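Visitor: Right, I'll just put the structure down here and ask away after.
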Amino acid sequence: MQMGIQLFILSIYLVLMMLLGVYEYRRTKGAIDFYLAGKKLGVIVVSFSFFATYFSTAAFLGGGGFGFVAGFQWSAFLIFFHILFAIAAWLIIAPPMKRIADEHGALTIPEIFGMRFGKLSQLVAALIIIVFFQFYMVSIYKGAGNLLEVMLGLDYRTAVLLTAVIVMLYTAIGGFRAVVMTDLVQGVLVFVGGIALFVALMYYLGGPINAIESLKATQTIMGSGAKLFELGSVAPPPIMKAGMVIPFILSLTFAISIAQLASPQLVIRFVAAKDSRVIAKGAILTPLIIGIFALCVFSIGPFGWLVIPKFDDPVKYLKNSDLVVPFIAMKIFPAGLNALILTAIVAAAMSTINSLVHVIATSFVRDVLQNAVKLKKIVLPTRLSVLVFSLLPVIFALNPPDIIVVIVGLSFSVITSAFLIPLLASFYSRTTQLPVVSSMIVAVAVCIIWYLYFYKVYWVYPVIPGLAASALTYVIFLRTERAISAAPG
């Protein structure tokens, strides 16, 4: 009975996504429509699309569940950094990006680099997007597949393919219009689902005060529940053994949150906004949405110690904290409502995948292919590229080997480290191509080297050394160029 209700609600959601794709296809008239929804998006659509794209299954499953392992130190820093960088993205990145993209007629983030610095910077940026976003998508496909496997009893491979086909079709058909309109629906579903889950959990536990007091008094495998409220007291065993709990928590929460400033799939929404007034209003609405959602969802994990031991062995959830939130949803909600929550988590996956594949396809066609063969029409090749780049990660997601899992972990750091300094340079600095290209290449190299050889020694996430190396490289090359230019003769 319960599985039937879940299947029914999920089916309605999937059909709605396809209908939106077809509807937006009829409204898509050319490249600007397909790439940027005609640059006519209002504040509600832009804000919820930014929110839905940023919060994938990692937010519900990883962000929400990891507090079961790391306590409220994880929740507190993650909430703080999310709000801080949401505000920074809309105040520091959005206004100049909108202005410069409109001035130059740029349709992609690499194209902004190309017009500001030169074609090589455009090509390098596009290749970073194409390569590392593909691996980032592997993790999201895998998360969606695992969820549908548990939720509906589907075979894992069938679940992954179902997710890929639905997203592929409505994105290819409707372009960015379909992406942002489905994001609006998905964003509202994710937002409401996150709040509902937190409110229901507090009700189940007798209110926030009683929940906190009960958690402090309970005994966990890691000791007293009071440790969950302390800084540096709980974390995965290897990190505890290394004595690097605080650097690990700070660097990981920082890495996840600062992505709001530089991830192309997010900041391209600033270009699609109707005008500067939309940006100004979005600077208020978006951090508010993100803050409320983060406060609700990222606080759930530690309270799992008051729910999970009643029904199951908590050791399994310490080993895989991604299971914590779905388990809580299944236990505290009746069948119809838990189906809505689980559908919200699926929506979180799809709203991120559609944006990633759209950014990959548009970068491939606009920034690589068009510069190589001078295409006259780009919409059809971009639609075909959506189909191709939607399916490539599926090959790895169906049976991901260890090396792919490593690269997936890298991709988040690489994108942020490679793009933040060039973005800031394109808005606020006068420079040439060499410092920008060098900073991107060094950022990628440092993130890879750090992740492979130093991360599990120091437990500092690669985005920290990656960003530091990118900034240092940019400054060194910029000063060298200026010194050479200023030299007599």
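Visitor: Check every one of the helices (runs of 4 or more DSSP H) wholly within the stretch 85-172 and list those with 2 or more residues that are farther than 28 Å from PRO287 by Cα and under 18 Å from the mean Cα position of the chain (by Cα).
Guide: By residue number, 119-152.
Visitor: If LEU231 satisfies all but one of (1) part of a helix (DSSP H, G or I); (2) among the aliphatic types (A, V, I, L, M); (3) surrounded by fewer than 19 Cβ atoms within 10 Å (Cβ to Cβ), what's the number of the condition it fails?
Guide: (1)
Visitor: Restricting the first residue to the stretch 247-274 and requiring it to be within 20 Å of VAL45 (Cα to Cα), which pairs with a second residue that is among the charged types (D, E, K, R) and not in a helix (DSSP H, G or I) meet a Cβ separation below 6 Å and a spacing of at least six or different chains?
Guide: Qualifying pairs under 6 Å: LYS274/LYS40.
Visitor: In the list VAL192, VAL199, VAL278, VAL271, which residue meets the criterion of being at pLDDT 90 or above, surrounded by fewer than 17 Cβ atoms within 10 Å (Cβ to Cβ) and part of a helix (DSSP H, G or I)?
Guide: VAL199
Visitor: Pick out the one residue from ALA125, ALA178 that is aliphatic (A, V, I, L, M) and at pLDDT 80 or above.
Guide: The match here is ALA125.
Visitor: Which one is farthest from SER363 (Cα to Cα), of the residues in the stretch 167-185 that are surrounded by 22 or more Cβ atoms within 10 Å (Cβ to Cβ) and among the β-branched types (Val, Ile, Thr)?
Guide: THR182
Visitor: List every residue pair whose Cβ atoms lie under 9 Å apart, where the two residues are 6 or more positions apart in sequence or sit on different chains, the first residue falls within the stretch 363-387 and is free of Cβ contacts under 8 Å to residues at least 40 places away in the same chain and more than 16 Å from VAL124 (Cβ to Cβ), and the second residue, located anywhere, is part of a helix (DSSP H, G or I) and aromatic (Phe, Trp, Tyr).
Guide: Going by the 9 Å Cβ cut-off, the qualifying pairs are PRO381/PHE364; SER385/PHE364.
Visitor: The conditions are (1) at pLDDT 80 or above; (2) over 21 Å from the mean Cα position of the chain (by Cα); (3) farther than 30 Å from PHE248 by Cβ; (4) not β-branched (Val, Ile, Thr), and SER49 fails exactly one of them. Which is it?
Guide: Result: SER49 fails condition (2) only.
Visitor: Just the residues that are more than 11 Å from PHE50 (Cα to Cα) and in contact with a Leu (Cβ under 8 Å, 6 or more places away or on another chain), please, taken from the stretch 246-271.
Guide: Hits for the stretch 246-271 are ILE246, THR253, ILE256, SER257, ILE258, ALA259, LEU261, ALA262, VAL271.
Visitor: Across the stretch 296-340, what is the number of residues that are within 16 Å of GLY62 (Cβ to Cβ) and either in contact with a His (Cβ under 9 Å, 6 or more places away or on another chain) or not basic (Lys, Arg) (or both)?
Guide: 20
Visitor: Follow-up question, since we're still on this one. Tell me whether the stretch 131-150 contains one or more residues that are without any contact (Cβ under 8 Å) to a residue 60 or more places away in the chain and surrounded by fewer than 23 Cβ atoms within 10 Å (Cβ to Cβ).
Guide: Scanning the stretch 131-150, I find at least one residue that is without any contact (Cβ under 8 Å) to a residue 60 or more places away in the chain and surrounded by fewer than 23 Cβ atoms within 10 Å (Cβ to Cβ), so the answer is yes.
Visitor: Let me ask another. Between a residue in the stretch 37-65 that is farther than 24 Å from ALA172 by Cβ and any residue that is assigned to a loop (DSSP other than H, G, I, E, B) and basic (Lys, Arg), which pairs come within a Cβ distance under 7 Å, given they are 6 or more apart or on different chains?
Guide: So the pair list comes out as GLY42/LYS274.
Visitor: Among the numbered conditions (1) under 30 Å from GLY30 (Cα atoms); (2) at pLDDT 85 or above, tell me where ILE378 comes up short.
Guide: For ILE378, the exception is condition (2).
Visitor: To continue, here is another question. Which pairs have Cβ atoms under 7 Å, sit 6 or more apart or on different chains, and link a residue in the stretch 204-225 that is more than 18 Å from PRO237 (Cα to Cα) and surrounded by 14 or more Cβ atoms within 10 Å (Cβ to Cβ) to one that is small (Gly, Ala, Ser) and modelled with pLDDT of 90 or more?
Guide: Note: pairs meeting the criteria are LEU205/ALA211; LEU205/SER214.
Let's see how each residue does on (1) crowded, with 24+ Cβ neighbours inside 10 Å; (2) not β-branched (Val, Ile, Thr):
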site	(1), (2)
PHE8	no, yes
SER11	no, yes
LEU14	no, yes
ILE44	no, no
PHE50	yes, yes
VAL69	no, no
ILE92	no, no
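Visitor: Another question about this same structure. Here are some conditions: (1) of a type in the set (Val, Ile, Thr); (2) farther than 21 Å from ARG366 by Cβ; (3) in contact (Cβ under 8 Å) with a residue 12 or more places away in the chain; (4) surrounded by fewer than 21 Cβ atoms within 10 Å (Cβ to Cβ). THR158 meets all but one. Which one does it not meet?
Guide: The single condition THR158 does not satisfy is (3).
The values are calculated or read from the model by the stated rules, or taken from the named source; none is laboratory data. As the structure is a prediction and not an experimental result, all values here were calculated from the model. Glycine gets a Cβ as well: all are built from the backbone with ideal geometry, and neighbour counts include every protein chain shown.
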